Structures are given as C-alpha cells and as structure tokens.
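Report on the structure given below.
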Amino acid sequence: MVSTHLSIRPTLIKRTWRCGSYFIGLLVLLVSVNTVAARLISEVDRSAVNLGESFELNVIFSKQTMFGEPDFSPLEKDFKILSRNRRSQYSNINGQSVSTTRWVLNLSPKRIGNLLVPSLTFKGEVSNALEINVRKAKASTQVAGAAVFTETLLDKSSVFVQEQALLTLRLYTSVPMSNFAIDELAVPQAQLIKVAESQYQKDLDGQQYTVVETRYAIFADSSSTLEIPAIQYRGVIAERSARRSGSLFQQRGRQAFFNSEAKQLQVKPMPSNHTLQHWLPARGLGLAERWSNAGADITLGEPLTRTITQTGQGLLGSQLPPLQMPASKSYKLYPDQPQMENNVSEAGVIGQRIESIAIVPTQVGSITLPDISVDWWDSEANEVRQTVLKGRTLNVLPPSGATELAGDEPLPTELSTTPGPTAMPLPGTGTPLTGIYFWLLGASNLVWLIVATSFAVLWWRNRPGTEMAVSNEVLAVSDKALFKEIRMACAIDNYPALRQAIINWARLRWQQEHLHSLEQVAELANDDALKAEFKALDARLYSKDDAQQPVSSDTIFRQLDSLRKNGEADSPATKKDRRQHLQTLYPKNS
C-alpha cells in the first residue's frame, strides 16, 4: 500500500508542473507582444516621376485600428490627392500573428523639383519623410515593343499669320485601358477648333493597336514661334495577374499617364508685297448665289432678294469679308444681317458667310448688276487669286395697275341704221287701261325686290364664320398692298406719297381709323429711332427752314419692315385688340 501511494504522487506533481509552465509561457508571450511599440511607416512605389504623372504612397500602421486615420493635409502643399483607400492585413510570421492597417494614396506632384513627402502623425506615432524627384514631362513616343505610346503630327512646319495649321494627336495602346481621359488642349495667342475625333484599329509590326485620334485646326493671331504644349492621356491598365485570374473581385489596375509631344509652329507675317484689301490665306474660296425670282423680269418697286454665299477652305466664317456691291440710281439695296458658319471635317475648317440683299428697282427698263469679286491668298501656291461672281441684267416692268390703266380707252360709239322700236306712250297720253296696268306691274316688281332683299340679308347675316374668313383674307391682302405703296414711295423718294402710305398702312395695322399724323404712328410703334425719322420727314414736307434734317427713306423702310415682321403689332395684346375689333364689326347676336 505504501509503495503504491508513493508511485502516484510524483506523476501528479509532473502534470501540475507542466500545466503551470504552459500558462507561464503564454503569459510571457502576451506580455512580450503588448510591450512591442506600434510603428507608423511611409513607403512609395517610386521616387522619381514626371510632372503630370502619379505615384502611390503607402502609410502603414503596425496595429489594427477600426477608427481614425493620419492627418494627410500636409501633403496638399506640393501634391494633389487623386484617390485614397484603406486596407486591413493579417499575416503570420514565424508562428506569430501580425495585423496592420494600411492607407494607400495616389498622389500627383504640383511642380517640378525635389519635393518632400512630409512626416505624418497618428495615435502619437510619426512616420518617416520621403523625397520625390519630379522631372519635366516627357513624350511617350513610340519605342520597339511599347504597349502604349503617343504620336504628334503637324501638317506644316510654318504658316502665315491667320492661316490654318492642322495638329493631329494619336494614342496607341495594345492593352485594355479603362477610365480613359484626355486633357483639353489650349494654345496661347491662337484660335483652336477641334475638327475631328475618332477611334480605330491599326496593325503595327504584327501587333494590334487601338488608336485614339484627335485633330485640331490652329489659327495663329500673330507672327511668332507658336508653342503647342503637350497634353496628357490618363487611364487604368489592369495588372497581368488580375487579367489572368478572370475574377470580378480581383480586377485591380494601376493608373497610367502618357504625354504627347510638344511642338513648335513658325508663324510668318503677311507678305510685304501683297495688295489685298482683306488678308485671306486659304486653300480655296468660292462664291455662289441664289435668287428669289428665277426669271429676268421684275416689277418696279417689287423687291428681289439675292443671297450670296462665300465659302473659304481653311478660313473661319468670321474671317470672310463683307461683300461690296455698289449702289445705283436704278435700284436700292437693303442688306440683311449676315450669317457666319463654321463646318468642320478631317480636312479642317470650311467657313461660310451668307448675305441676303433685297434689290428694289427704282426705274422702268433694263438694269445691270455689276460683278462681285473677292481677292484672296492661295496658301498652297503662295500667290494672290481672285474669285468673281458674274453680274446679271434685269428687265424692270411697270406695275400691273399702271399697265391696265394705260390700256383702258373709251370704245367708239357705233351708229345704227335700223329703225328703233316704237316709243311707248306717256301715262297721260294713252288709254286709262294701259296706265293702270303699268302702275300695277311696277308695284309688284317692287314688292318682289323687297322680299328678295330681305331674304338675302337674313341669309348673309347668319354666316359669321364665312364673313370672318373673308374679312381676314381682305385684311391680309390690304396689308400687303398698303406696304407695297410704302416700298414704292421709298424707292423713288416720293415723300408726300410716303407719308400718306405710312398713315394708311398704320390705320389697318393697329385698327385705328382716326390716325392722321406720323407722330401718332411713332407712338403706337414705340420706337424712338422711327420717331426721329418721322420728325425729319414732316420737317422736310412742312418746314420752311432751309437747314432741314436729311430724310433717309431707306432707313424708314427698313425700320417699318422690321416692325411689320417682329414689332408690337404681332404682340398678343395687339392680336387680342384686333379680334375684339372684328367681333364688334360682326356681332353674333345682331
């Protein structure tokens, strides 16, 4: 019994000692882990970058933290923070578990030079500072086997001032790229127009590339060396491991930057020996016309519209000059506001200037419109050229009313040799029966006439819609006829007829039957310029003062024509007044 008791006791002691050693070891390990100080470390993926590119900054905290982050505001002095995200990481090193918190920032430098990534602080810890060397941006030109590169082309190495130069920018990429972006091009001291933008495939040395092409037209404002800066392409290129994995949750990539090549363009001054009135350096210049009346016969006082279009290849619409058409006593010219357009294509800009001119003949007979010519500089042949638009001969006829009046002549009276009918005896000279019959016949005819007239009046008054339509048509025709009188009076400067024609037209226009002066017309038109012209017209007609203000019938016609098209007469209030006036003319209940 004693031996058995003694053999069991040492076993229990060994087991107790073993458990205690395990506990002590675990306690020592925990104490040692807790006594390790946390650290804050900064790392970059590269220490030298080009201006406009980005680099990756990793700020690592050697403990896991769920809340808070370092103060990144000191970075904004020299860098742009493009993106920022947070990652937690667990690892086991030599049997020890290590957890870290990592902040990943994408930074882009703001200037060239040696820039300092400053120390950052978090939970009392301070990170190390890093130096970044920022260099001038270099063009990503083609090299053998390059996956991505750029190409910059100018169609000319030198141009004249205000002559078009075409700049072509291309980006070649053989790898997929997402979040693609391109900077806007800005060229100081020049006008810039984007004329084409396309994307296509191209095979180079057996390798397939996607090409992004952008083309600009450049017009230099002054003669000098024009600096065309580089622009930057940006995109995210997927990493090789991510592309091979095929997992949607592991598609990571890196931000990539590619720069075009800066170019210089020599801009020459205008040739000293040129004699051009307007400097127009172009590849071609054309003139085309369109007439409102295809025939050669027009009527005195009736307007004929001639629309002329200038087209300049390699010119802006604003560069094309106004056309010079000389005035004549045989006609008057009323030009409209010109329209300017720019059409773009891969060949550059094609500018247009469209001018419409109303021609009003002032005399009957044959009139000849002169040629119109434009001199320009051929930028390909380097010489002066001239484009001519041939004139036209028109036959002016008198107004149709004058022709009819001239042809109206009294017809001669024909003499008859046959005897006339027997004269009816007078009422007092015939038999009594004949006189009574005559009076009864006249009374019955009168009664029938009264009845027919009454029925006609009643029938006509029950047709208000038809009457309204006829009235509106008459108003439209009358407005056109009255305004034609104004145009004809302006064409021949007949001031008394012009004054009366304006008043007649205004009475119909504003439905004011009691208008009798130009001052009243100007008040209704609410136009100070027109009021001044009317005052000068009245002074010309009635003033005895020799120093009279000159009257411009052309100005009066243009202002009235504008008023007729877009003036107060077409306002809703005036239309309402006109409808009310028509209702009083033809009341429904009358």
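The values are calculated or read from the model by the stated rules, or taken from the named source; none is laboratory data. From a predicted model like this one, the values you see are computed outputs, not experimental measurements. Here Cβ is always computed from backbone atoms with ideal geometry, including for glycine, and neighbour counts include all displayed protein chains.
See the values below:
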| item | result |
| --- | --- |
| Filter result for Asn494 (surrounded by fewer than 16 Cβ atoms within 10 Å (Cβ to Cβ), at pLDDT 80 or above and in contact with an Asp or Glu (Cβ under 7 Å, 6 or more places away or on another chain)) | no |
| Hey, Ser345 polar (S, T, N, Q), surrounded by fewer than 15 Cβ atoms within 10 Å (Cβ to Cβ) and at pLDDT 90 or above or not | yes |
| Any hit, segment 340-348, residues being of a type in the set (A, V, I, L, M, F, W, C), closer than 30 Å to Val195 by Cβ, part of a strand (DSSP E or B) and under 19 Å from the mean Cα position of the chain (by Cα) | yes |
| Pro361 vs. criteria in contact with a Phe, Trp or Tyr (Cβ under 7 Å, 6 or more places away or on another chain), over 30 Å from Lys194 (Cα atoms) and not polar (S, T, N, Q) | yes |
| Neighbours by Cβ (under 7 Å, 6+ apart or cross-chain): first from segment 109-127, not assigned by TED's automatic domain parsing to the domain that holds Glu69 and among the hydrophobic types (A, V, I, L, M, F, W, C); second in a loop (DSSP other than H, G, I, E, B) and surrounded by 13 or more Cβ atoms within 10 Å (Cβ to Cβ) | none |
| Any hit, segment 167-183, residues being at pLDDT 90 or above and touching a Leu at 6+ places or on another chain (Cβ under 7 Å) | yes |
| Flag if Glu513 is surrounded by fewer than 17 Cβ atoms within 10 Å (Cβ to Cβ), within 38 Å of the chain's Cα centre (by Cα) and not assigned by TED's automatic domain parsing to the domain that holds Gly301 | no |
| Total residues in segment 105-162, condition in a loop (DSSP other than H, G, I, E, B) and within 43 Å of the chain's Cα centre (by Cα) | 18 |
| Of all residues making up segment 324-339, the number that are under 20 Å from Leu560 (Cα atoms) and either in contact with a helix residue (DSSP H, G or I) (Cβ under 9 Å, 6 or more places away or on another chain) or not in a strand (DSSP E or B) (or both) | 7 |
| Candidates Arg215, Arg254, filtered to the one that is at pLDDT below 90 and closer than 29 Å to Phe180 by Cα | Arg254 |
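One line per residue, one yes/no per condition, for (1) loosely packed, with under 15 Cβ neighbours inside 10 Å; (2) at pLDDT 85 or above:
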position: Ser241; (1), (2): yes, no
position: Lys263; (1), (2): no, yes
position: Gln266; (1), (2): yes, yes
position: Ser272; (1), (2): yes, no
position: His278; (1), (2): yes, yes
